[in-house]
1. Which of Thr205, Thr15 comes first, and how do the rest follow, when ranked by fewest Cβ neighbours within 10 Å?
2. Would you order Met26, Met204 from fewest to most other beta-carbon atoms within 10 Å of each residue's own beta-carbon?
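Coordinate-derived values only; no laboratory data. Everything numeric in this text was worked out from a predicted model, so none of it was measured. No Cβ is skipped: glycine too gets one built from the backbone with ideal geometry, and neighbour counts run over all protein chains shown.
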Amino acid sequence: MLLLATFLSVRFGETPRLDARLPVAMALPDVLGGWTGENVWFCRNPACGARHVGAGDRQVCDRCGHALGALSAAERKILPQDTVIVRKEYRNVSDKRINVAIVLSGKERSSIHPPQWCLSGQGYSIKAQHVLPIRLADGRNLNVALLDVEPAADAGARNDGLAFAYWFVGGGHETSSRLARVAWMAFGSIFRGVHERWAYVSVMTARERDGEKHIHQLKEFIGCLHPAVVLPR
Ligand SMILES: [Zn+2]
């Protein structure tokens, strides 16, 4: 009866309330395993758009003097105003880099977008997609999506390929599948009457031309990142 009443109230236009519980900590640690992270900011001046990496909360672009923000130019164009993003660039002693971003949805569900949107906006194309299983310290298995990303043909030879891993966290669930996320969100709205907050966690690094060292590094890194950011429900 309660389920039916909830279902009907949703069906007849009552907006589900926004769940106050966050799925992830919206702060990335400064140190993860052998990796040290620094904040990443983007210049909000469309003519500049410079990317800044550095410790602390820098507020002004040192190239043009404009304010800095957490969203890149491409993200500002497509994401709703109430999107919250935290990101850091991590380096190890060999100067290998791993970039992490966590996007938290607000009321607008479109905050969490397919990575294809942003990657193509930045001149990349996706060559292949896999599911990468990761064994967590607590013994559970986490499946993340892993994309093989190449610079688009018209982008010139400016970059090597990327390995781009991501998964979604919300409502006590974790999944690499966008469809599963949409289904869990609908389930929460209809049967629990709440609009659960979902987060999209992405972890990206340069792909090795030969070998799979970058895959092992990603797995190890995500194994450290997971307990540091995913909140118990
Ligand atoms: Zn600037």
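1. Thr15, Thr205
2. Met26, Met204
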